[in-house]
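Report on the following structure.
None of the figures in this text is laboratory data; all of them are computed from the coordinates on show. These numbers were taken from a predicted model, which means no experiment stands behind them. Glycine also receives a Cβ, built like all others from the backbone with ideal geometry; neighbour counts cover every protein chain displayed.
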């Protein structure tokens with residue numbers, strides 16, 4: 001499993017189909033249940049199907065989902081507003097996600113925070129969940145907004161930003177520690193897959209008007225900034241777009257130093273960022289640079305580029 005930042009999309013191995021014998025046994029067990037018991041919800045609103053989805057038990061979950069579909073209850077929600085599909089997505093169970101979609105689960109169902117299965121896959125850095133939605137070929141709204149006004153692509157970029165700052169998690173230990181956190185590579189795969197699904201890099205979140213380019217730059221995320229700018233047609237549209245008055249170049253200049261600040265500024269300039277753009281406070285990008293020798297050098301660079309913007313690269 002891998003990704004190339006030049007735009008190649010990843011190939012993820014699909015989950016194996018459940019064992020036929022196990023599936024037959026699960027179907028027989030479900031048929032033997034009283035429908036009222038099958039649909040019974042506990043104090044948190046969970047049914048048997050929700051529990052099976054949360055545990056990623058594919059054969060029993062498929063058998064239960066078939067029964068729920070026959071009873072017209074495939075969209076039954078637990079106390080956080082999650083349908084079985086959303087529970088499976090949050091549990092990083094791509095095989096169960098694919099089965100539920102094949103049975104007719106609503107791919108655009110959202111929980112109490114407005115998060116769809118794509119939002120959950122993007123937020124938790126689970127590319128196989130996004131791959132399962134994509135491979136189902138079920139029409140899905142890739143521009144759906146959560147209650148923060150963010151699309152799944154916004155969530156994927158924020159997730160990758162956070163992974164660059166988070167301490168390493170070695171994963172589950174023999175004493176029963178937490179499962180391994182998704183790697184930055186897995187999280188960037190989520191971005192790649194959403195772009196492949198047609199996610200719009202120009203979508204602005206509803207609270208701050210930021211595009212994913214603004215978010216990547218604000219996070220000091222050089223790899224994602226490279227990736228986004230190389231998408232066809234993105235740089236001309238977004239390189240000087242403002243979010244509450246700030247262009248991506250303003251955001252790069254406002255970073256508190258660090259090893260990615262200078263490469264980000266040079267990259268944005270190479271793609272046509274305007275060093276003469278002013279924000280709502282009438283600040284030029286060079287006025288937002290941190291004090292000190294590195295900031296002084298970048299200040300000279302930005303001042304020298306004013307009025308001499310270079311054409312964007314073509315590759």
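Just to be sure I understand, how many residues within the range 69-99 are surrounded by fewer than 19 Cβ atoms within 10 Å (Cβ to Cβ), in a helix (DSSP H, G or I) and either under 18 Å from the mean Cα position of the chain (by Cα) or without any contact (Cβ under 8 Å) to a residue 12 or more places away in the chain (or both)?
Qualifying residue count for the region: 1.
Residues in the range 100-118: is at least one under 15 Å from the mean Cα position of the chain (by Cα) and assigned to a helix (DSSP H, G or I)?
There is at least one residue in the range 100-118 that is under 15 Å from the mean Cα position of the chain (by Cα) and assigned to a helix (DSSP H, G or I).
In the range 237-296, what count of residues is obtained for those that are in a loop (DSSP other than H, G, I, E, B) and either surrounded by 15 or more Cβ atoms within 10 Å (Cβ to Cβ) or touching a residue at least 12 places away in the same chain (Cβ under 8 Å) (or both)?
29
Going by the structure shown, is residue 287 at negative phi and within 27 Å of the chain's Cα centre (by Cα)?
no
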